[in-house]
Amino acid sequence: MTDHEGNRPTSIDADLIGNLDAVGRDLRAIEALAAAALADEPTDHAAALQLADAPTGLTYDELTSHNRQRRASQGWGEPEIADLLDAAALRELDEWRRAQRIAWTRGDLIAVGIAGLVGALANLYDAHVDATVLKGLAWLKKSDLLRQWEKDAARLAIDYTGPKFGGPAHRVLSPGHDIGRFFNALNQIRTGTFAGTYWEYGKKIAAEGITTTRSGVPFAQAREPHLALVLLMKHWAADFVTPMSLPLPGWTLFREMPNRDLRTFANSAYAGSNTGDGLNLRSGALTPGLGMVAAEVIIRTHTHLSAYQQTQTPRLGTAGRAKQTEMLLAAHAAAGAVSLSQTVATSVAGGAAVGVRHLNVPVLLRVGRLAIQVRSDAANRAVEGAPSWTQLLENDAATWTLPHAVTIAELLERQEMEASARGVEQ
């Protein structure tokens, strides 16, 4: 017997169901005898004798053994919980089971271990992985499509490299290459005017009215929003596949901070010690994301295959999704721990600007989100737990107002009064 989630009950569940089934049969027999007596119809003497001879004072184990013997001798068959509950109660039972936490198996631990190892290795060898990714992007940069996009999006205001904004790391010195400051970059392309800020002698200065390149050629303009958007996307795509790539979203805001050490750190982290080995959108998001995706694929494949083996469908129920979230959190936490350790160790040896290169931002963000989800699942399980005995008593108190129960009580009261009257007469 299985529930709607495909989970087999434990031996305790089977014994409990068997005992409830036996009690239900006895109650139906009592109701039949009572109904026959009230209707002045012949009663089932065999059932009455069986009920009268029922043993009392049994422990739970003795009662379970007794009901097993009855089931075997009378050929009742295996009990089904669906026969014991009405439709509403059965739905509540299924909802409760679906919300319960599923214990991990040995296979789950192995899957988490493999996924965590893959994520950890991706962090330990992030430089090698990033170098491989960069080679692939370099091949893509040579394609006719990217070359054409680079030509189409040339001479834009966001590419200004004049005084205070030039050099190999010029993309981090102004908001035009920051995907987190999309509207600022789009506005520069629409107006054909460069916008940026720099600090000089402790004073923040805004660069204004720059409409030409260093050679005096006017910047290209695209006043229509959709045309400006197309140019911006082409320009960013062409720059992304280069060794310096693009800054992380919002990274250019450090350039505008009043703290000089913070500005220096942001510039140094992006520039790196060599061209392309700094912290950018490729090395800080794309490359670390590969290890995270690999771990996700391992865990998700395992959980869906396990669900298919148990229920003949890969779809996960509420409890299955909760267990998948727990496994993902464990796997990514291992990778995140390696990332933090490597960042700290490298920072101590070579400085914070060098160490931050190993910080796996996508994994750490994913760990935070998964931790919140695991906590939410636990809270939901606590809310949707099984009702207490008091609640069950309150819900079932109406049983004592059944018509048969009232009639039987009146009949017993009348019999007692008649017996008392006969005693007085005697």
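Per the listing Asp108, Asp130, Asp126, the residue uniquely farther than 18 Å from Gly291 by Cα, in contact with a helix residue (DSSP H, G or I) (Cβ under 8 Å, 6 or more places away or on another chain), assigned by TED's automatic domain parsing to the domain that holds Leu305 and not hydroxyl-bearing (Ser, Thr, Tyr) is Asp108. Screening Ile189 on (1) surrounded by 19 or more Cβ atoms within 10 Å (Cβ to Cβ); (2) at pLDDT 95 or above; (3) closer than 27 Å to Gly272 by Cβ shows it passes everything except condition (3). In the stretch 277-293, the residues that are β-branched (Val, Ile, Thr) reach residues that are part of a helix (DSSP H, G or I) with C-beta atoms within less than 6 angstrom, at least six apart or across chains, in these pairs: Thr287/Val129; Thr287/Asp130; Thr287/Val133. Condition test on Ala266, is it surrounded by fewer than 22 Cβ atoms within 10 Å (Cβ to Cβ), among the hydrophobic types (A, V, I, L, M, F, W, C) and modelled with pLDDT of 90 or more? When the stated conditions are applied, Ala266 does not pass them.
Beta carbons closer than 6 Å, at least 6 apart along the sequence or on distinct chains, pair a first residue in the stretch 369-391 that is assigned by TED's automatic domain parsing to the domain that holds Ala319 with a second that is of a type in the set (Asp, Glu) and modelled with pLDDT of 90 or more for Val374/Glu326. Residues in the stretch 331-352 that are buried (at least 21 other Cβ atoms within 10 Å of the Cβ) and among the small types (Gly, Ala, Ser) were compared, and the one that is farthest from Thr105 (Cα to Cα) is Ser339. You will find that of Gly284, Gly291, the residue that is over 15 Å from His177 (Cβ atoms) and buried (at least 17 other Cβ atoms within 10 Å of the Cβ) is Gly291 and no other.
Quick check on my filter: what residues within the stretch 251-265 are among the polar types (S, T, N, Q), more than 15 Å from Ile179 (Cα to Cα) and outside any loop (DSSP other than H, G, I, E, B)? The answer is Thr264, and nothing else.
Among all residues of the stretch 185-207, there is at least one that is free of Cβ contacts under 8 Å to residues at least 24 places away in the same chain, touching a helix residue (DSSP H, G or I) at 6+ places or on another chain (Cβ under 9 Å), of a type in the set (S, T, N, Q) and in a helix (DSSP H, G or I).
Screening the candidates Ser268, Ser273 for the property of being polar (S, T, N, Q) and either assigned to a helix (DSSP H, G or I) or not assigned by TED's automatic domain parsing to the domain that holds Tyr198 (or both) yields one hit, Ser268. Within the stretch 241-250, does at least one residue satisfy the condition of being in contact with a Ser or Thr (Cβ under 6 Å, 6 or more places away or on another chain), assigned by TED's automatic domain parsing to the domain that holds Ile110, part of a helix (DSSP H, G or I) and not basic (Lys, Arg)? Within the stretch 241-250 (the criterion being in contact with a Ser or Thr (Cβ under 6 Å, 6 or more places away or on another chain), assigned by TED's automatic domain parsing to the domain that holds Ile110, part of a helix (DSSP H, G or I) and not basic (Lys, Arg)), the answer is no, since none of the residues qualifies. When the stretch 214-230 is filtered for residues that are touching a Phe, Trp or Tyr at 6+ places or on another chain (Cβ under 9 Å) and surrounded by 18 or more Cβ atoms within 10 Å (Cβ to Cβ), only Phe219 remains. If you go through the stretch 138-189, how many residues are closer than 16 Å to Leu231 by Cβ and in contact with a strand residue (DSSP E or B) (Cβ under 6 Å, 6 or more places away or on another chain)? Adding up the residues that qualify gives 3. The helices (runs of 4 or more DSSP H) located wholly in the stretch 48-132 that include 3 or more residues which are under 22 Å from the mean Cα position of the chain (by Cα) and at pLDDT below 70 occupy 87-99.
Pick from the stretch 163-177 the residues that are in a loop (DSSP other than H, G, I, E, B) and out of contact with any Phe, Trp or Tyr (no Cβ under 8 Å at 6 or more places or on another chain): which of them is farthest from Thr242 (Cα to Cα)?
Step by step, filter the stretch 163-177, then rank; the result is Pro163.
Please find, within the stretch 232-261, the residue that is surrounded by the most Cβ atoms within 10 Å (Cβ to Cβ) out of those that are more than 27 Å from Asp144 (Cβ to Cβ) and of a type in the set (Phe, Trp, Tyr). Among those residues, the one meeting the criterion is Trp251.
Take the conditions part of a helix (DSSP H, G or I), without any contact (Cβ under 8 Å) to a residue 24 or more places away in the chain and not aliphatic (A, V, I, L, M) and apply them to Gly180. Does it pass? Criteria not met by Gly180. Here the stretch 28-47 is the region considered, the condition is being among the charged types (D, E, K, R) and outside any helix (DSSP H, G or I), and the residue that is surrounded by the most Cβ atoms within 10 Å (Cβ to Cβ) is Asp44.
The values are calculated or read from the model by the stated rules, or taken from the named source; none is laboratory data. Everything quoted here is computed from the prediction, not taken from an experiment. All Cβ positions, glycine included, derive from the backbone under ideal geometry; neighbour counts span all protein chains shown.
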